[in-house]
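Here the structure comes first, spelled out in structure tokens, and everything after it is commentary.
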Amino acid sequence: SQTIHQWPATLVQPVGSPLSLECTVEGTSNPNLYWYRQAAGRGLQLLFYSVGIGQISSEVPQNLSASRPQDRQFILSSKKLLLSDSGFYLCAWIETGARAEAFFGQGTRLTVV
Amino acid sequence: DQQVKQNSPSLSVQEGRISILNCDYTNSMFDYFLWYKKYPAEGPTFLISISSIKDKNEDGRFTVFLNKSAKHLSLHIVPSQPGDSAVYFCAASGLYTDKLIFGTGTRLQVFP
């Protein structure tokens with residue numbers, strides 16, 4: 001069966017520090033991978049998605065970047081965090097080409113102080 | 001540009017009654033719609049979906065209705081239970097895109 005791992009669960013980082021959140025998927029090949037952020041009153045905002053290794057689409061201009069170094073690994077990064085980067089970050093995957101639901105990780109609560 | 005909108009941020013319903021959550025979309029290329037349930041500090045979990053070739057899909061207590069001409073879908077929960085209390089998100093995707101776009105969410109509270 002397929003599983004998705006996302007870590008860490010919580011993170012407190014000072015303004016200006018770097019960020020690296022990792023997401024890995026097991027039990028599937030060539031999934032579509034997504035990073036979302038839930039901020040207060042904003043719903044689930046799509047940040048990045050990837051349909052394959054090295055292929056990243058960015059949805060909103062921001063202080064974050066994403067990378068997909070391996071088929072089942074998706075990384076969200078920042079060189080210098082801002083206070084506005086605080087939020088709940090979620091990784092998700094969908095089977096490529098399927099009209100199917102997305103499966104989500106447990107999320108990372110990031111607080112920038 | 002919010003392509004998927006949930007105009008009611010919250011809804012309160014008595015246990016046993018029907019809960020109706022609404023969702024509107026603007027992009028006519030969307031052809032697959034989903035509802036998710038989310039508890040605090042957890043990832044969303046899938047509830048039910050509907051393809052644009054249908055106007056209704058039912059799964060136990062959950063029914064989703066799609067009105068393509070109005071670009072509107074709704075989730076009905078009957079009967080509502082206290083365990084249904086959560087934030088509900090609708091989401092949409094299209095044939096020619098790999099994006100999955102979510103709405104802003106509706107917080108449902110089911111009281112005894």
Please average, across the residues of A:13-23, the number of beta carbons from any other chain that are within 10 Å of each residue's own beta carbon, and give a whole number. 0
Sorted on mean Cβ neighbours within 10 Å (highest first), peptides A:29-39, B:11-21 come out as A:29-39, B:11-21
Please tell me the relative contact order of chain B in percent, rounded to the nearest whole number, where contacts are Cα pairs under 8 Å and at least six residues apart. 38
With the charge dipole of chain A built from beta-carbon charges (+1 for Lys and Arg, -1 for Asp and Glu) about the Cα centre, the Cα from A:S17, A:F74, A:C91 projecting farthest to the positive end belongs to A:S17
What's the magnitude of the charge dipole for chain A around its Cα centre, counting Lys and Arg as +1 and Asp and Glu as -1 at the beta-carbon? Answer in Debye, nearest 20. 280
Inter-chain Cβ neighbour average for residues B:43-49, partner chain, 10 Å: 5
Return the Cα extents of the protein assembly as shown along principal axes one, two and three, sorted largest first, each rounded to a whole Å. 49, 37, 36
State the cysteines of the protein assembly as shown left without a partner when partners are defined as other cysteines whose beta carbon lies under 4.7 Å away. none
Residues of A:29-38, mean number of Cβ from any other protein chain within 10 Å of their own Cβ, rounded to a whole number? 2
Among B:K37/B:K71; B:K38/B:K68; B:K37/B:K68, which pairs are too far apart, with a Cα-Cα distance over 31 Å? none
Contact order relative to length of segment B:35-76, as percent, for alpha carbon pairs under 8 angstrom and 6 or more apart: 26
Dipole of segment A:1-78 (Lys/Arg Cβ +1, Asp/Glu Cβ -1, origin at the Cα centre): which of A:A40, A:Q55, A:N30 lies farthest to the positive side? A:A40
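Each reported figure results from applying straightforward, stated rules to the coordinates on display, with no laboratory input. Quick caveat: nothing in here was measured; it's all calculated off a predicted structure. Methodologically, a virtual Cβ is constructed for each residue, glycine included, from the backbone with ideal geometry; neighbour enumeration extends over all protein chains shown.
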